[in-house]
Structures are given as C-alpha cells and as structure tokens.
Amino acid sequence: MDVQGYLSEIRALYASGQTTEHSFRPALAKLFGSIDPAITVINEPKHITDIGAPDFVFQRGDVAFGWCEAKDIGKDVRKFAANDYSKGQKERYRKGLPNLIYTNGLDFEFIRDGEAVDFITIADLIPTMPARPDRFALLENRLFPDATKNLILLAYFVATGLANLAVFELREQLARLLFDDTRCPIDFVNRHSRVFEANADRA
C-alpha cells in the first residue's frame with residue numbers, strides 16, 4: 001500500500017463518523033507492512049518492562065527493531081497536557097525505544113535515540129482531509145528505505161564469522177538503520193570494525 005492508498009482508506013473510515021483510535025490501525029498495519037515483505041508488523045505487542053506497550057512493533061525474524069505509537073486522528077502527538085497520560089507514556093517510549101514513530105494517522109514523528117529527527121504531515125484535519133501530496137514522497141522515503149543496507153550488514157556478519165555478535169548490540173544497530181536512508185553501511189562497518197573484531201577474538 002502506498003501513501004495515497006493509505007490516505008484514501010483513512011478518509012473513508014473517518015467519513016463514517018463511527019471511528020475510534022483503534023479503527024485506523026488496520027490501514028496503518030498495511031502501510032507499514034509495505035516496507036519490506038521480510039518485516040513482520042505486530043499490532044498490540046507484549047508489554048515491555050519499565051517502558052510499556054507501543055501499538056506496533058516491527059520485527060525481522062525474532063529481532064525487534066522499530067516501534068510505533070498510534071494516537072487518534074486529530075490528537076497532537078508532540079504536545080500533551082501536563083495531566084495527560086500520553087505525556088508520561090511518550091517520555092518512557094522516547095527514552096526506552098531507540099527507533100520510534102509517533103502518529104495520529106496524518107502526522108508522523110520519527111524519533112531516533114530519544115531525539116525527534118523528522119515530522120511529516122500528509123493531510124490536514126478538516127472535514128475532507130485535503131492531502132499534502134508534496135509530503136508523500138518524504139514519508140515514503142522514511143518508511144521505505146533501501147533494504148540492501150540490512151542485507152549488506154547481514155552478509156558482513158556471516159562472511160566474517162561474527163554471527164555470535166551480542167543480540168542486543170545487533171538489535172541496536174539495526175534499529176538505528178531503519179527508516180534512515182542517510183547512513184552508508186560501509187561507513188557503519190568501518191566505524192565498528194574494531195568492535196566486531198574484538199567480539200570475534202573473544203568467541
């Protein structure tokens with residue numbers, strides 16, 4: 001599903017006048033599922049100790065590398081009242097999840113390592129939800145990066161016998177690559193080569 005198809009589905013649901021926050025999740029799941037056939041998108045994943053339970057988790061195999069919190073259409077995802085539960089919730093997610101999306105269906109905030117790195121609005125919330133088509137490509141570039149990055153990294157690990165790299169470290173590095181089309185996998189390998197070699201020597 002591309003962004004235009006997603007927005008058309010969201011509009012039709014919203015126009016019914018019968019929607020709740022959860023009504024839009026199937027459309028979001030389809031949009032996220034278009035990222036890569038090898039990615040599993042899980043709605044309502046298990047609770048994470050001391051963090052909470054974001055609405056979606058993205059996994060490759062059994063490795064979680066991205067999370068998404070989906071609020072109702074019209075809810076501001078950047079500013080919350082002091083007594084709003086969502087304020088503390090976002091703070092926990094921001095601190096505990098290295099690769100996070102916050103969305104209300106129309107606005108998408110991308111948070112990496114606790115810092116907001118992008119905010120993209122694809123339509124305005126007025127009765128007809130007029131689109132901002134100039135923003136579609138920006139969102140697609142964030143959601144659908146070049147999948148060869150992760151494949152290059154995986155090939156590197158296998159070729160150099162580093163499959164024993166700590167799962168947590170691998171998960172962290174993959175999380176930082178997801179949705180970030182500005183990082184070069186060769187630079188990544190060069191920067192971390194000494195860490196990889198040290199792990200291999202200890203194996």
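Please find, among Lys75, Lys95, Lys90, Lys30, the residue that is basic (Lys, Arg) and not in a helix (DSSP H, G or I).
Residue meeting the stated conditions: Lys75.
Which residue is modelled with the lowest pLDDT, if the candidates are limited to region 43-61 and must be loosely packed, with under 14 Cβ neighbours inside 10 Å and in contact with a helix residue (DSSP H, G or I) (Cβ under 9 Å, 6 or more places away or on another chain)?
Asp50
I'd like the full set of residues that are outside any helix (DSSP H, G or I) and among the hydroxyl-bearing types (Ser, Thr, Tyr), limited to region 10-27.
Ser16, Thr19, Thr20
Would you call Ala70 closer than 30 Å to Thr128 by Cβ and either touching a His at 6+ places or on another chain (Cβ under 9 Å) or not assigned by TED's automatic domain parsing to the domain that holds Met129 (or both)?
Yes: the conditions hold for Ala70.
Identify all residues within region 105-145 that are in a loop (DSSP other than H, G, I, E, B), surrounded by 21 or more Cβ atoms within 10 Å (Cβ to Cβ) and not β-branched (Val, Ile, Thr); write none if there are none.
If the condition is that a residue be in a loop (DSSP other than H, G, I, E, B), surrounded by 21 or more Cβ atoms within 10 Å (Cβ to Cβ) and not β-branched (Val, Ile, Thr), then Gly105, Leu106 are the ones that fit.
In region 33-52, how many are of a type in the set (Gly, Ala, Ser) and part of a loop (DSSP other than H, G, I, E, B)?
Matching residues across region 33-52 total 2.
Within region 142-164, identify whether any single residue is modelled with pLDDT of 55 or more and touching a strand residue (DSSP E or B) at 6+ places or on another chain (Cβ under 7 Å), and answer yes or no.
Yes, some residue in region 142-164 is modelled with pLDDT of 55 or more and touching a strand residue (DSSP E or B) at 6+ places or on another chain (Cβ under 7 Å).
If the requirement is being touching a Ser or Thr at 6+ places or on another chain (Cβ under 9 Å) and not in a loop (DSSP other than H, G, I, E, B), which of these qualifies: Phe65, Phe58?
Phe58
Of the conditions (1) modelled with pLDDT of 90 or more; (2) more than 15 Å from Ile101 (Cα to Cα), Met1 satisfies every one except a single condition; which number is it?
Against the list (1) modelled with pLDDT of 90 or more; (2) more than 15 Å from Ile101 (Cα to Cα), Met1 comes up short only on (1).
The values are calculated or read from the model by the stated rules, or taken from the named source; none is laboratory data. The model shown is predicted, which means the values in this text are computed figures rather than measured ones. So basically every Cβ, Gly included, is an ideal-geometry build from the backbone, and we count neighbours across all protein chains shown.
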